[in-house]
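Here is the structure we will look at, set down as structure tokens.
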Amino acid sequence: MAAVISASIAVRPPITVIGPLADTVHASTGLSSTAIGVLTTLPLVVFMLLSAHVSRIARRLGMEVAMAVGFALVLAGSMIRWFPSIPLMYLGTAVVAIGLTMPNVLLPGIIRRDFQTRIGPMTSLYIALTAGGAGVASFLALPLAIDFGWGWRATIASTGVLATIAAIIWSLVGGERHQPAAEILTQTVVWRSRTAWWVALFFSTQTLTFYCVVAWLVPVLTVKGLTPTASGAFLGGFSVVGIGSSLVAPILAARHPSQSTVAAAFGVIQMAGALGMLVSTGPAAGVSALVLGVGAAGGFAVAFTLFGLRAPNHIVSSELAGMAQTVGYGVAAIGPLLFGFLHDLFGNWNILLGAFVVLGVFAVALGVLAGLPLFVPNGPPLGNRRDEMHVS
């Protein structure tokens with residue numbers, strides 16, 4: 001549990017710390033909105049390319065050792081980002097993303113394996129701490145960089161401290177539980193499962209929303225009439241207000257065989273917040289962003305919970321997570337870069353805000369389908385195809 005907690009706190013800050021500093025980075029380096037958007041998009045591209053291969057690495061090293069290696073890479077990448085070089089900033093971001101791919105994919109399987117009767121509460125704990133870590137990092141980014149005089153490079157690099165703690169704890173756990181051979185139990189066919197695709201597409205709506213918010217909420221709210229500091233605080237609040245829905249959503253989802261109603265409900269909240277941001281200005285736009293945060297956090301928590309609830313064992317759970325994250329982060333990778341480019345082209349953020357509304361609609365529809373009470377099937381060693389199995 002201590003290892004899961006350390007991972008939960010450490011996985012988001014290396015990415016969410018960049019959004020509030022976008023204007024500061026622009027003023028310091030002259031990078032365009034599109035170029036800064038690449039800093040948020042690059043991790044998503046890495047997640048897309050590597051997520052499907054993480055379970056294979058975990059089979060060789062053991063899940064716990066793979067987690068420790070992942071956080072060690074996050075630390076290394078954070079240190080690289082400290083150097084005063086734009087190319088090294090991008091290189092360090094890529095190394096950070098390679099490391100974060102491990103916990104992103106493996107934690108659902110670890111929770112499925114070690115907390116079989118507590119999937120809902122443990123997922124709640126994980127998602128809530130993840131949201132809290134993201135919120136604190138977003139909230140503190142500008143004060144640390146400007147008010148405390150750290151500068152934006154040191155502020156971004158400081159997230160490596162959390163990765164150091166997580167790497168140490170997971171290395172200790174790995175010394176106790178290093179059993180690579182035990183991870184090879186079955187071959188799965190998640191890429192041919194209809195249920196797995198519904199889960200992956202539902203997860204895509206959540207990742208696309210989250211990473212576009214992380215990348216561009218501060219500039220959006222600044223245009224809406226708020227100060228950069230207030231906008232950064234609302235970005236932190238976007239994650240913090242989601243802690244409540246992150247705690248409640250997995251527990252509600254795990255109580256019943258079907259998660260369709262819970263997923264759709266959070267999609268509706270997401271839609272309401274997006275509409276509010278589109279039509280309002282000033283503090284009202286910031287409050288609408290908080291409503292969007294409640295819906296998006298709840299939807300993300302349900303999606304993450306489905307990695308465990310739609311799988312009959314922890315091996316299938318990890319492979320489902322890898323497949324869904326390959327698809328989800330591939331879709332999300334387009335967002336920050338595309339909307340940064342469209343902002344540079346048209347000079348406003350209305351297309352992004354309209355897209356948030358559309359994503360809320362898709363979250364409702366896909367959440368209903370992903371929540372249907374079906375297991376992603378195992379793929380037996382002989383390769384026989386099995387139909388989706390109903391959850392009892």
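The values are calculated or read from the model by the stated rules, or taken from the named source; none is laboratory data. Only a predicted model underlies this, so the values are computations on that prediction, with no experimental measurement involved. Every residue, glycine among them, receives a Cβ derived from its backbone with ideal geometry; neighbour counts consider all protein chains shown. With ligands, DNA and RNA removed, areas are computed over all heavy atoms of the protein, side chains included. Shrake-Rupley method; radii C 1.70, N 1.55, O 1.52, S 1.80 Å.
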If R0 = 22 Å, then Asp114 and Ile165, at their Cβ-Cβ distance, give a FRET efficiency to the nearest 0.05 of 0.65
The value for segment 1-146 (convex hull of the alpha-carbon atoms, volume per residue, Å³) is 108 Å³
The answer for the chain, counting only DSSP H helices whose Cα atoms cover 27 angstrom or more along the axis and whose Kyte-Doolittle average is 1.6 or greater, is 260-279, 283-309, 350-370
For the chain, which whole-number percentage of the solvent-accessible area (1.4 Å probe, protein heavy atoms only) is attributable to carbon and sulfur atoms?
-> 72 percent
Shape of the chain from its Cα gyration tensor (a ≥ b ≥ c, root eigenvalues): rounded if a/c is under 1.5, otherwise prolate when a/b > b/c, or oblate?
-> oblate
Probe 1.4 Å, protein heavy atoms only - accessible area per residue of segment 95-135 in square angstrom = 24 Å²
Is segment 14-69 rounded, prolate or oblate when judged by the Cα gyration tensor, a ≥ b ≥ c being the square roots of its eigenvalues, rounded requiring a/c under 1.5 and prolate requiring a/b larger than b/c?
-> prolate
Hits in segment 21-48: amide N under 19 Å from the 7 Å Cα→Cβ extension of Ser85, namely 29-31, 39
Value of [θ]222 nm, deg cm²/dmol, for the chain, DSSP H segments ≥ 4, -39500 (n - 2.57) each, nearest 500 = -26000 deg cm²/dmol
Amide H contacts under 5 Å for Phe375, placed H, 5+ residues apart | Met389, His390, Val391
With every protein chain left in place, what is the accessible area per residue of segment 235-390 in square angstrom, probe 1.4 Å?
-> 36 Å²
Calculated FRET efficiency for the pair Ala27/Ala94, C-beta based, R₀ 22 Å, to 0.05 = 0.35
Burial order of peptide ranges 252-259, 239-246 (average beta-carbon count within 10 Å, highest first) = 239-246, 252-259
Ratio of the Cα radius of gyration of segment 243-392 to 2.2 N^0.38 Å, where N counts its residues = 1.20
Accessible surface, 1.4 Å probe, highest first, among residues Thr305, Thr117 | Thr117, Thr305
